[in-house]
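Peer 1: This is the structure I want to talk about, given as structure tokens.
The values are calculated or read from the model by the stated rules, or taken from the named source; none is laboratory data. Not measured: the values here are computed from a predicted model. A quick note on method: Cβ atoms are made from the backbone with ideal geometry, for glycine too, and the neighbour counts reach across all protein chains shown.
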Amino acid sequence: MDERKLWSVLYEYDGTPFPSTKQEFLHWLEGQADIDSGMENAFCAQMVAATYQKMGWLSMKHPPNHYNPGSYAKTKAINSELLNGARLAPPEYFKI
């Protein structure tokens with residue numbers, strides 16, 4: 001992994017505002033139609049997807065706003081889109 005590249009990508013999002021709930025939902029809906037909503041404001045799963053794509057770990061098949069937190073919990077599905085040896089382990093659940 002290129003740690004410098006990762007930090008460079010992460011700094012691109014510094015100060016990026018979180019969208020309102022309505023905007024977040026609209027971003028996600030656009031993503032389901034493979035319409036890129038851009039990164040002017042972004043929700044967390046969108047930032048993770050954009051980071052993975054810029055690092056070469058995630059296919060560019062879908063725009064970053066296509067993904068939601070549940071996308072990363074479905075490891076079999078997301079791992080089929082990961083590249084260059086990147087893989088997510090199955091989620092670990094715990095009780096509080």
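Peer 1: Here is a check on your reading of the model: is residue 45 in a loop (DSSP other than H, G, I, E, B) and small (Gly, Ala, Ser)?
Peer 2: no
Peer 1: Taking the conditions exactly as written (closer than 24 Å to residue 80 by Cα and either exposed (fewer than 13 other Cβ atoms within 10 Å of the Cβ) or touching a helix residue (DSSP H, G or I) at 6+ places or on another chain (Cβ under 8 Å) (or both)), does residue 39 satisfy them or not?
Peer 2: Details: closer than 24 Å to residue 80 by Cα: no; either exposed (fewer than 13 other Cβ atoms within 10 Å of the Cβ) or touching a helix residue (DSSP H, G or I) at 6+ places or on another chain (Cβ under 8 Å) (or both): yes.
No: the conditions fail for residue 39.
Peer 1: Does the stretch 61-76 hold any residues that are touching a helix residue (DSSP H, G or I) at 6+ places or on another chain (Cβ under 7 Å) and either at pLDDT below 95 or aromatic (Phe, Trp, Tyr) (or both), and which are they?
Peer 2: The answer is 67, 68, 69, 71, 72.
Peer 1: Name the single residue, out of those in the stretch 51-80 being free of Cβ contacts under 8 Å to residues at least 24 places away in the same chain and among the aliphatic types (A, V, I, L, M), that is surrounded by the most Cβ atoms within 10 Å (Cβ to Cβ).
Peer 2: Among those residues, the one meeting the criterion is 78.
Peer 1: Sticking with this structure for a sec: Filter the stretch 9-35 for residues that are assigned to a helix (DSSP H, G or I) and of a type outside the set (A, V, I, L, M, F, W, C) and give the result. Can you show your working first?
Peer 2: As a first pass, look at the stretch 9-35 and keep what is assigned to a helix (DSSP H, G or I): 9-12, 21-32.
Selection gives 11, 12, 21, 22, 23, 24, 27, 30, 31, 32.
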